[in-house]
Amino acid sequence: MRISTAYSFDSAISNLQKRQTDLTEAQMQLTTGKRVNNASDDPVAAARAERALATMSRSDANQRGLEASRNAMTLGAGVLRDSVELLQQARESLVAAGNGSYSDAERQSLAVRLKEIRNQLLSVANRSDGSGGFVFGGQGSSSPPFIDAPGGVQFVGQGGQAQGSSSENVNLTVDGDLVWLKAKTGNGVFTTSAATTNTGSSWISPGTVSTPNQVPYPAAAGVTPPTYTIQFDVTGGVTTYSVLEDGNALSSGVPYSTTSGIVIPGRGMTVNVSGTPATGDTFTIGQSSNSLSVFDTLDKVIAELNTNTLNNGQIQQAVNNGLSNMDSVLGNMMSAESAAGETLNRLDGIEGRIATLKLTAQTDRSSAEDLDMVEAISAFQSKQTGYDAALKSYSMVQKLSLFQYVNG
């Protein structure tokens, strides 16, 4: 078989070029530390690496959203803690107002203190989050979410909570409407109140639930909840009472005793009426609702403590109602604080899941495109040796031409 000089040269040059290309690729892999530098190097591995990179980018975005939520919830928990402390101070002042030896002037001094606490609470409710929003702005508000209107403090923000950009629900605000204006009235199941026309010196307690399965509250949807009325009668020095349900008598002529509670027959509710009721005095029991405002509670107590015409029974009723409402708004505020703490705990768990997902993606990307350095160095050395051998072969082939022979 005859091999021409031209073919021999072409073959040697082609071999040299191929080996040089292989050596260059091996050198690039060693330089970058990656087996796949272009999609054409390994299309399947490049696609795997791209998917892993997208997952890592999402994890980074989720982490940023989580950090924003953590900052917001940390700030919210601190604000709620301040609010609880202020409400505790208000409660202490209200307890002091129930002292029967206090004069009207002393109660008015306590009202001034409660007014100051109320103003501080309004400032706390409108506290900024430091980034142009408000801690209690709900789903977002560019202006303070609470305004002190003539009819009482109103929430002008958007109810609910703003959500951060994350694959999981992370809150950036606290629902101010729910925290400040939506506590349970009464004892959480039913409310008690005294008629403004009462002439006796008596007051009613918030009451308790004695038999839960008998309580008619909360009423079924579409059903008007019943109202119960306790009516007193004093005849011949003997005090009795009757209990009515929507105007219909459940019991009547029951002897009144200050040492025993008044049971609403068959309804599982018990209340205590203290003091000395007069003929015609009435007390009402109704269904509790989520409509108790922190500010309305304080405003009502302040107004009553500033009234000079109240008798001892009316003062005690005002203090009892105020304490009951204060306990309710305090409980609601503490629940919100606990919820913020639970959210922070949940964020810790989310952060762990984000870190795990990102690590998995990094591992997947590495396995798809990263280089085994030991194997790569060995391959590079082998290709370099082959390239050197090809160069020597080419130099020898050059000397096999007819011209070299004639010149020799």
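Rounded, prolate or oblate: which fits the range 226-315 when a ≥ b ≥ c are the square roots of the eigenvalues of the alpha-carbon gyration tensor, with rounded for a/c under 1.5 and prolate only if a/b beats b/c? List each step's numbers first, then the result.
Working: a/c = 2.46, a/b = 1.34, b/c = 1.83.
Oblate, because a/c is 1.5 or more while a/b does not exceed b/c.
Give the average over all directions of the projected area of the C-alpha convex hull of the range 67-204, one decimal, in nm².
11.1 nm²
Sorting 300-312, 71-83 by their mean Cβ neighbour count within 10 Å, with the most densely packed peptide first, gives 71-83, 300-312.
Annotation for Val84 and Ala96: the two label points, set 7 Å from Cα along the Cα-Cβ direction, are 2.3 nm apart. At full extension, Asp60 and Ala219 could sit 52.4 nm farther apart than now, given 0.36 nm per residue minus the alpha carbon distance.
In the range 59-145, what percent of the accessible surface is made up of carbon and sulfur (1.4 Å probe, ligands and nucleic acids excluded)? Solvent-exposed carbon and sulfur of the range 59-145 make up 47 percent of the total.
The values are calculated or read from the model by the stated rules, or taken from the named source; none is laboratory data. This one's a predicted model, so the numbers in the text were calculated from it and none came from an experiment. Note that we place each Cβ from the backbone using ideal geometry, even for glycine, and neighbour counts take in every protein chain shown. Just so you know, the surface numbers come from the protein's heavy atoms only, side chains and all, with ligands and any DNA or RNA stripped out. Shrake-Rupley method; radii C 1.70, N 1.55, O 1.52, S 1.80 Å.
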